[in-house]
Amino acid sequence: WGLGLDLAIVLPAAALVPAVIGALVAPLATRVRGLYLAVLTLGLLILGEHLFKIMVPITGGQGVGRGVAGRTLFGVDMTATYAIGPILLKPETSFYLLTLVILVVLGVTARNLARGRVGRSFAAVRDRDIAAEVMGVNLLRTKTLAFTLSSAFAGVAGALFSMLVGRIAPEQWNLFLSIDFLAVVVIGGIATISGTIIGACFVVLMPRLLEELTVAIPWLSGSSGGFLNIFQLQTIVFGVLIIVFITVEPRGLYGLWIRVRNYFKAWPFSY
């Protein structure tokens with residue numbers, strides 16, 4: 001179901017539909033917190049993956065899936081090559097620039113939300129919900145808004161990701177993808193906008209680096225022929241890094257960058 005809609009319609013719809021679903025799921029999530037919230041999220045993931053596989057008339061079924069939206073923005077075909085002076089703008093470059101613009105817009109939006117009243121409410125509920133409620137923060141409204149906004153952001157990202165891979169199949173949205181997202185947040189830096197961007201770059205570039213290591217390391221292979229393949233080693237590395245950063249540096253790579261920056265700002269003094 002590509003539907004042939006313009007991206008000016010597809011991307012807002014990709015934010016609106018998940019936002020509505022997130023608002024519907026939020027009342028369940030607002031009743032639990034901590035480990036129980038993590039278990040609930042995992043259960044919703046497993047349930048959603050199973051529903052995607054059996055709802056064949058809607059999703060196309062496992063191994064088949066559905067087509068993605070066409071790369072047309074405001075009537076401009078982004079699959080064509082355009083010449084801007086001496087520069088040739090190829091289709092992959094056009095799509096990259098589109099995602100970069102969306103990243104900047106959503107990143108600035110999230111940063112402004114985090115610095116405003118809504119963001120302070122989110123931080124208060126995250127740190128100590130009982131204390132936040134005593135100070136006048138509406139827990140139900142705050143948690144519902146958090147689920148709604150995060151679902152909208154995830155919907156836009158999912159639409160762009162589906163156009164990148166070229167197909168929407170149920171098995172693509174599984175537990176391993178959630179582990180990658182968890183690695184992005186923990187390795188990059190929890191509760192920081194810049195940290196999530198740094199973590200995303202790290203998680204995307206790490207498999208490329210491991211692919212280069214297949215030549216230098218004899219027991220590492222690109223497929224299932226060696227002692228370990230790239231996917232298995234990638235999962236191990238992400239798991240180890242998540243444990244290390246949670247125990248040693250909870251703020252992740254962003255926290256390390258802050259330490260290095262503050263050191264050089266204060267040098268030659270110790271503080």
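With a Förster radius of 51 Å applied to the beta-carbon distance between ALA123 and ILE9, the computed FRET efficiency rounds to 0.90. The ALA110 and ILE243 beta-carbon pair, evaluated with R₀ = 35 Å, returns a calculated FRET efficiency of approximately 0.85. Based on C-alpha pairs under 8 angstrom that are at least 6 apart in sequence, the chain has a relative contact order of 22 percent. Counting every alpha-carbon pair across the stretch 97-185, the share separated by more than 17 Å comes to 61%. Charging the Cβ of each Asp and Glu at -1 and of each Lys and Arg at +1, and nothing else, the dipole of the chain about its Cα centre rounds to 840 debye. Ordering TYR36, TYR254 by accessible surface, largest first, gives TYR36, TYR254; the 1.4 Å probe counts only protein heavy atoms, with every chain in place. Residues whose amide H lies under 5 Å from that of ARG66, counting only those 5 or more places away or on a different chain, are ILE168, ALA169; hydrogens are built 1.01 Å from N in the peptide plane. Taking only the alpha carbons of the stretch 19-101, we obtain Rg and Dmax values of 20.1, 59 Å in that order.
Amide H to amide H distances under 5 Å link LEU5 with GLY70, where only residues 5 or more positions off or on other chains count and H is placed in the peptide plane.
Here MET55 sits with roughly 70 square angstrom of accessible surface, probe radius 1.4 Å.
Per-residue ellipticity at 222 nm computed for the chain from its helices equals -23000 deg cm²/dmol, with DSSP H segments shorter than 4 residues left out and the rest contributing -39,500 (n - 2.57). The simple spin-label model puts a point 7 Å past each Cα toward its Cβ; for ILE179 and ARG33 those points are separated by 3.0 nm.
Divide the volume of the convex hull around the Cα atoms of the stretch 3-57 by the residue count and you get 98 Å³ per residue. Stokes-Einstein diffusion for the chain at 25 °C, viscosity 0.890 mPa s, with a Kirkwood radius from C-alpha pairs, works out to 115 µm²/s.
The values are calculated or read from the model by the stated rules, or taken from the named source; none is laboratory data. Please read these numbers as outputs of a predicted model, since none were measured by experiment. Every residue, glycine as well, gets a Cβ built from its backbone with ideal geometry; the counts of neighbours run over all protein chains shown. All accessible areas refer to the heavy atoms of the entire protein, side chains included, with ligands and DNA or RNA removed. Shrake-Rupley method; radii C 1.70, N 1.55, O 1.52, S 1.80 Å.
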